[in-house]
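The values are calculated or read from the model by the stated rules, or taken from the named source; none is laboratory data. Keep in mind it's a predicted model, so treat the numbers as computed, not measured. Cβ coordinates were reconstructed from backbone atoms using ideal geometry, including for glycine residues, and neighbour counts include every protein chain displayed. Side chains included, ligands, DNA and RNA excluded: accessible areas come from the protein's heavy atoms. Shrake-Rupley method; radii C 1.70, N 1.55, O 1.52, S 1.80 Å.
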Amino acid sequence: DNASGDGTDRAARRFTADPRVRFYGFSQYMGLADNWRRAMDLCEGEFVKLVCADDLIHPTALSKQAAVLRNDPSVSVVASRRHLIDAEGYVLARSSGLHQLAGRHTAADVARQIVTFGINPIGEPASAMFRRSDYEAVGGWDAERVFNMDIDLFLRLLGRGDLYGLKESLAAFRVW
């Protein structure tokens, strides 16, 4: 919890009886890059996924994405499509992202999509999962690239292996 005042800490603490859940709260607001880096520093698992405060993931997202990484060490990023939702959770667009990137693709394939369409074709962090060891090896989120931190990291991770794009939507990105 990035020093929010909306009761997030109380709501999140309800789940800490589950030994798989840990809660961390920051007493002072941290900027986006520092918040994302600190969240990743606290991760202990082999695979990691950053889900921002207002985004959602499907109940099977973790197991489906972890299975790809576990079964194929040559994949460094697994991503899914995602729905775009509004502030109330109404679906604005279904199954967005991964334009022509379903299945296995190289960093060059992803870079070609970035240049062709001028967008992040993988999607926001909630859409992707990767190995913590790869994240650490490439230096993590780059605070100098706040507006494109996600695709910057994904491209550096793809220097260590391929992208595997899942056709189904396993996340939702909230558009404000």
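Has the range 15-33 got any residue that is within 15 Å of residue 135 (Cα to Cα) and surrounded by 12 or more Cβ atoms within 10 Å (Cβ to Cβ)? Yes, the range 15-33 contains a residue that is within 15 Å of residue 135 (Cα to Cα) and surrounded by 12 or more Cβ atoms within 10 Å (Cβ to Cβ).
Against the test of being in contact with a Pro (Cβ under 7 Å, 6 or more places away or on another chain) and open to solvent by less than 20 Å² (accessible area, probe 1.4 Å), the options 98, 163, 158 yield a single qualifying residue, 98.
Take residue 112 and decide whether it is in a strand (DSSP E or B), more than 16 Å from the chain's Cα centre (by Cα) and either of a type in the set (Val, Ile, Thr) or within 21 Å of residue 157 (Cα to Cα) (or both). So residue 112 does not fit the description; no.
Of note, residue 152 does not satisfy the criterion of being modelled with pLDDT of 95 or more and more than 20 Å from residue 52 (Cα to Cα). Out of (1) outside any loop (DSSP other than H, G, I, E, B); (2) within 20 Å of residue 169 (Cα to Cα); (3) touching a helix residue (DSSP H, G or I) at 6+ places or on another chain (Cβ under 8 Å), what's the single condition that is false for residue 122? Just one mismatch for residue 122, condition (1).
For the range 42-65, residues that are open to solvent by 10 Å² or more (accessible area, probe 1.4 Å), closer than 22 Å to residue 162 by Cα, not polar (S, T, N, Q) and not in a loop (DSSP other than H, G, I, E, B) total 3. The requirement of being open to solvent by 20 Å² or more (accessible area, probe 1.4 Å) and in contact with a strand residue (DSSP E or B) (Cβ under 8 Å, 6 or more places away or on another chain) is fulfilled somewhere in the range 125-135, by at least one residue.
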